[in-house]
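Peer 1: My questions all concern the structure below.
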Amino acid sequence: MQESPYLEGRESLVGKFRKPTGMSASYDCIIIGAGPGGLQAAIHLGRYHRRALVLDHGSGRTRHALHIENYLGITAISGKNLVDIGTEQLKAFGGGFRHENVESVTVANGFVVTTDKERYQAPFVIASTGVTEKIPFIARMNRFFGRSVYTCIDCDGYRTMGKKVVILADSVEGVRLALGMKQMFTPEITVVLPEGVLPADFAELLAEEGITARAGTPQEFLGEPGLTGVRLHSGEEIPCEAAMLNYGYTLNDGYLAGLDLAREGNRAEIVTSHVHETSVRNLFAVGALRPGNPQAIIAAGQGCQAAIEINRRLLEI
Ligand SMILES: Cc1cc2nc3c(=O)[nH]c(=O)nc-3n(C[C@H](O)[C@H](O)[C@H](O)COP(=O)(O)OP(=O)(O)OC[C@H]3O[C@@H](n4cnc5c(N)ncnc54)[C@H](O)[C@@H]3O)c2cc1C
């Protein structure tokens, strides 16, 4: 890694942590994942002249967000642009950035972070690797994803205003989503759930609200160039101008499997303190890995908080 001018002549506090043989380098903090959570943490640590390294394998939900319009101070920006600017910003403050896939984190004289290429050591680690949406195969998805096919009401519900919307889901969460969408954005909603998933009382509730329910599984999105409908495996075609998918998501946390972390909820999200420290001391988790709503500005705020706390502890070492 090229050293930044910000670090010149500075004796790193990590010198107090012995560097075992076979280790690539030691840092004050290794940040895993370059979404808004990880990048914000790296920017703060860089501005404290801490040696921070961001490791990212180059994907992530934020990069798929075409229009972020709810981030304070920015009228509209794509997620890719937000992440690219954040990456340049962290480098300007001396942060390191490497394209590597993190395979494990173990506790040994601080933490050892092993990637597909190297091993690193640091007294602090921030996990900020987000989640991956569970999305069933539906033909022609890529053509419409992020443009008229969405996965997050907080992010893109606003973009469905007044449109004919279909909600594709695999649980009664889809019913809750439909009721919320009707209250806020549009009265023209059809919910599609797999056969046998919709309980009678929920079906009544939907009927009372004027929301159409269908049993079936989606096969293909229709329309050229704009979305005009969804075809089910039964052959039925449901007209729509926008679709909201609700199939849940899984945490990108396989590299933490060796650590006994406190977790909660159906998705076993990582429990953290008010400064976003996990149940393993000096290991922090921010963004969508922890309970709460996966939003860019929330992840960034948590990254900021974790970095401030880590810097405070480094001052005390
Ligand atoms: C289509 C879409 C639209 C959205 N719109 C909005 C919006 O309008 N407003 C809003 O606030 N939010 C929006 N979001 C949500 C938002 O982008 C993220 O959920 C939120 O920013 C959480 O960020 P994060 O830092 O936790 O994770 P992410 O942004 O997902 O970043 C995680 C990073 O970790 C990396 N990573 C994962 N595993 C590994 C590994 N093992 N090794 C190395 N790197 C790894 C990935 O490459 C990725 O860069 C949208 C999401 C999507 C999908």
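Peer 1: Quick one: would you say residue 121 is away from the ligand (no atom under 14 Å from the Cβ), within 15 Å of residue 24 (Cα to Cα) and not assigned by TED's automatic domain parsing to the domain that holds residue 232?
Peer 2: Details: away from the ligand (no atom under 14 Å from the Cβ): yes; within 15 Å of residue 24 (Cα to Cα): yes; not assigned by TED's automatic domain parsing to the domain that holds residue 232: yes.
Yes, satisfied.
Peer 1: I'm trying to understand the selection: among the residues of the stretch 205-258, which are assigned to a strand (DSSP E or B) and open to solvent by 50 Å² or more (accessible area, probe 1.4 Å)? Explain how you work it out, then say what you get.
Peer 2: From the stretch 205-258, those assigned to a strand (DSSP E or B) are 212-215, 218-222, 229-232, 237-239, 242-246, 249-251; that's our starting set.
Correct list: 212, 214, 215, 219, 231, 237, 239, 250.
Peer 1: I would also like to ask the following. Checking the condition at pLDDT 95 or above and at positive phi, which residue from 119, 98, 140 passes?
Peer 2: Values: 119 fails: at positive phi; 98 fails: at positive phi.
Only one candidate qualifies: 140.
Peer 1: If I ask for residues that are closer than 26 Å to residue 258 by Cα, without any contact (Cβ under 8 Å) to a residue 40 or more places away in the chain and within 15 Å of the ligand (Cβ to nearest atom), which ones from the stretch 277-309 would you list?
Peer 2: 290, 291, 292, 305 - these are the residues of the stretch 277-309 that are closer than 26 Å to residue 258 by Cα, without any contact (Cβ under 8 Å) to a residue 40 or more places away in the chain and within 15 Å of the ligand (Cβ to nearest atom).
Peer 1: May I pose another question? Among the residues of the stretch 272-288, is there at least one that is under 30 Å from residue 196 (Cβ atoms) and part of a loop (DSSP other than H, G, I, E, B)? Walk me through it before giving the result.
Peer 2: Filtering the stretch 272-288 down to residues under 30 Å from residue 196 (Cβ atoms) leaves none.
Checked the stretch 272-288: no residue is under 30 Å from residue 196 (Cβ atoms) and part of a loop (DSSP other than H, G, I, E, B).
Peer 1: Of everything in the stretch 240-274, what is touching a Lys or Arg at 6+ places or on another chain (Cβ under 7 Å) and either modelled with pLDDT under 95 or closer than 20 Å to residue 292 by Cβ (or both)? Give them in sequence order. Write out each step before concluding.
Peer 2: Going residue by residue through the stretch 240-274, those that are touching a Lys or Arg at 6+ places or on another chain (Cβ under 7 Å) are 240-242, 247-251, 269-272.
Once the filter is applied, which keeps residues that are touching a Lys or Arg at 6+ places or on another chain (Cβ under 7 Å) and either modelled with pLDDT under 95 or closer than 20 Å to residue 292 by Cβ (or both), the stretch 240-274 yields 247, 248, 249, 250, 251, 269, 270, 271, 272.
Peer 1: List the strands (runs of 3 or more DSSP E) inside the stretch 44-133, counting only whole elements, that have at least 1 residues being under 15 Å from the mean Cα position of the chain (by Cα) and surrounded by 21 or more Cβ atoms within 10 Å (Cβ to Cβ). Give the derivation first.
Peer 2: On the way: elements: 52-56, 96-99, 102-107, 111-115, 119-122, 124-127, 131-133.
Answer list for the stretch 44-133: 52-56, 124-127.
Peer 1: Determine whether residue 164 is at pLDDT 95 or above and open to solvent by 70 Å² or more (accessible area, probe 1.4 Å). Lay out the reasoning, then the answer.
Peer 2: Details: at pLDDT 95 or above: yes; open to solvent by 70 Å² or more (accessible area, probe 1.4 Å): yes.
Criteria met by residue 164.
Peer 1: Please determine whether any residue of the stretch 303-314 is modelled with pLDDT of 95 or more, open to solvent by 50 Å² or more (accessible area, probe 1.4 Å) and farther than 28 Å from residue 111 by Cβ. Working first, answer last.
Peer 2: From the stretch 303-314, those modelled with pLDDT of 95 or more are 303-314; that's our starting set.
Now drop any that are not open to solvent by 50 Å² or more (accessible area, probe 1.4 Å), which leaves 305, 308, 312.
Applying the additional criterion that residues be farther than 28 Å from residue 111 by Cβ yields none.
Within the stretch 303-314, not a single residue is modelled with pLDDT of 95 or more, open to solvent by 50 Å² or more (accessible area, probe 1.4 Å) and farther than 28 Å from residue 111 by Cβ.
The values are calculated or read from the model by the stated rules, or taken from the named source; none is laboratory data. Predicted model only: the values in this text are computed from it and were never measured. All Cβ positions, even for glycine, are placed from backbone atoms using ideal geometry, and neighbour counts span all protein chains on display. Surface areas here come from the heavy atoms of the whole protein model, side chains and all, with no ligands, DNA or RNA. Shrake-Rupley method; radii C 1.70, N 1.55, O 1.52, S 1.80 Å.
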